[in-house]
Ligand SMILES: [Zn+2]
């Protein structure tokens with residue numbers, strides 16, 4: 001069973017079979033039925049959503065010898081010749097392959113001639129935005145004075161790149177991304193008809209991964225079918241972290257005993273698709289949020305998520321995922337964004353008091369830096385009440401700065417874990433109490449207990465470190481983490497502004513949240529310049545130069 005066979009077999013042959021494009025399909029069908037077909041159309045929309053299929057249906061419908069309410073019969077000789085690809089009156093040009101110069105020139109010459117066997121000669125130009133300028137000019141000439149017997153269908157994934165002179169001479173019809181529900185239903189139908197074993201979660205996973213492209217969905221289905229079927233396990237391992245299910249398991253893990261958050265970093269290191277993962281996290285949280293407002297409608301997955309992520313928490317995770325996506329778009333390396341995402345997630349999930357009152361800016365900060373103070377989430381060391389070392393038993397305070405400093409040299413995540421703790425000294429033991437009482441926080445700390453102990457004994461002189469809260473925890477089940485995570489230096493090296501050098505004129509703007517985050521991680525603010533009326537999306541940006 002080859003990919004092409006399934007793809008061909010299930011290609012829609014009537015307007016009514018176009019999946020997810022009901023409005024456009026109905027408009028075209030009605031136009032054919034009433035004899036009011038334009039001489040030129042521009043079909044725009046994401047790849048694999050049915051533009052070319054619709055163009056071919058239209059070509060048959062306007063020429064069919066026995067049309068049925070605007071639909072082609074797919075049985076008459078005209079329909080059959082077009083379905084077989086033998087009709088001389090249906091010409092398909094791929095704008096992407098050789099940028100169309102010869103074809104369009106030839107088309108210009110031939111368009112004036114009457115069709116061979118049909119009422120209308122149909123030219124389908126795929127990826128029309130790829131045409132060269134001479135090809136566009138030739139096309140424009142033909143569009144300006146179109147012969148009555150010619151129908152043009154231009155298709156593009158990027159209508160903005162089609163010259164406005166061409167666009168204005170076409171009726172533009174937008175095709176939509178096929179939503180995952182419909183895509184999954186389509187896959188289910190194929191599985192049933194082809195006898196491919198499947199389960200619902202796996203189909204949904206495939207639908208999400210294909211991002212609205214039925215063509216991609218079919219291709220994925222065929223690949224997993226070759227290895228036994230569309231079962232949850234196969235699809236999950238096939239898709240890796242870009243699996244929709246994987247995102248669900250990750251989120252569910254936030255409430256469980258051993259979520260292994262760092263598996264994510266490991267998977268990204270091995271080339272996993274972080275962007276798809278973050279989009280899926282966003283989507284699950286959106287569903288949870290929606291369910292918390294209007295009810296879950298019997299969706300058990302969402303119900304399960306709601307117990308871990310009640311409405312406001314789901315919203316918080318969505319924000320962090322969005323921030324991660326934006327950092328990816330800014331060009332930050334995936335590893336850095338993954339670490340940022342985990343640390344932010346951890347911070348966001350722990351309820352932490354706002355810093356009390358304004359925070360003094362560092363002595364080396366420029367005068368403008370004061371404006372930044374209110375957004376700093378982590379109190380700098382000098383403002384934070386910290387545990388006094390050497391005493392017998394102290395009240396709880398912030399984690400000693402010496403320990404944080406040692407952690408900063410090792411890993412974002414480790415620093416973030418410690419920043420989310422309170423601490424106190426008991427004899428010569430340091431007791432760490434994770435804030436928020438999250439089990440996974442405790443688990444992650446205990447995984448690193450030996451490492452923390454080593455640091456604490458060298459910088460604080462304590463003999464042991466103990467974790468407290470969240471029930472009985474067996475310390476040190478895994479030993480120290482072998483590998484340090486990404487260092488703040490690496491993040492700074494990856495920042496776009498670095499390309500222009502510090503103080504360069506074209507510094508890229510940094511999201512405030514990242515700046516906050518870096519500061520909390522020990523980065524120092526050297527200069528600050530408020531951004532001039534240059535807003536990207538709806539968020540505020542600040543230009544900062546940070547140096548560790
Ligand atoms: Zn026909």
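The values are calculated or read from the model by the stated rules, or taken from the named source; none is laboratory data. The structure presented is a predicted model; accordingly, all values stated were derived computationally and were not measured. Positions of Cβ are backbone-derived with ideal geometry, glycine not excepted, and every protein chain shown enters the neighbour counts.
Could you tell me whether any residue of the stretch 158-165 is modelled with pLDDT under 95, surrounded by 20 or more Cβ atoms within 10 Å (Cβ to Cβ) and outside any helix (DSSP H, G or I)? So far as the stretch 158-165 goes, yes, one or more of its residues are modelled with pLDDT under 95, surrounded by 20 or more Cβ atoms within 10 Å (Cβ to Cβ) and outside any helix (DSSP H, G or I). Looking at this structure, is residue 33 surrounded by fewer than 17 Cβ atoms within 10 Å (Cβ to Cβ) and either over 38 Å from the mean Cα position of the chain (by Cα) or within 11 Å of the ligand (Cβ to nearest atom) (or both)? Judged against the criteria, residue 33 is a match. Based on what the data block shows, is residue 5 touching a strand residue (DSSP E or B) at 6+ places or on another chain (Cβ under 9 Å) and either part of a helix (DSSP H, G or I) or away from the ligand (no atom under 16 Å from the Cβ) (or both)? Judged against the criteria, residue 5 is not a match.
Restricting attention to the stretch 57-87, report how many residues are touching a helix residue (DSSP H, G or I) at 6+ places or on another chain (Cβ under 7 Å) and in a strand (DSSP E or B). The qualifying residues number 1. Considering 97, 112, the condition of being closer than 24 Å to residue 49 by Cα and surrounded by fewer than 21 Cβ atoms within 10 Å (Cβ to Cβ) is satisfied by 97 alone.
So that you can scan it fast, the table gives a plain yes or no per residue for (1) modelled with pLDDT under 80; (2) closer than 22 Å to residue 347 by Cα:
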| residue | (1), (2) |
| --- | --- |
| 418 | no, yes |
| 424 | no, yes |
| 431 | no, yes |
| 435 | yes, yes |
| 440 | yes, yes |
| 458 | no, no |
| 466 | no, yes |
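Taking the listed residues 149, 129, the one that is in contact with a helix residue (DSSP H, G or I) (Cβ under 8 Å, 6 or more places away or on another chain) and either closer than 18 Å to residue 106 by Cβ or at pLDDT 90 or above (or both) is 129, with no other qualifying. Filtered by the rule that a residue be more than 16 Å from the ligand (Cβ to nearest atom), touching a residue at least 12 places away in the same chain (Cβ under 8 Å) and under 38 Å from the mean Cα position of the chain (by Cα), the stretch 56-102 gives 91, 92, 93, 94, 95, 96, 99, 100, 101. Answer yes if at least one residue in the stretch 108-120 is within 16 Å of the ligand (Cβ to nearest atom) and in a helix (DSSP H, G or I), and no otherwise. No.
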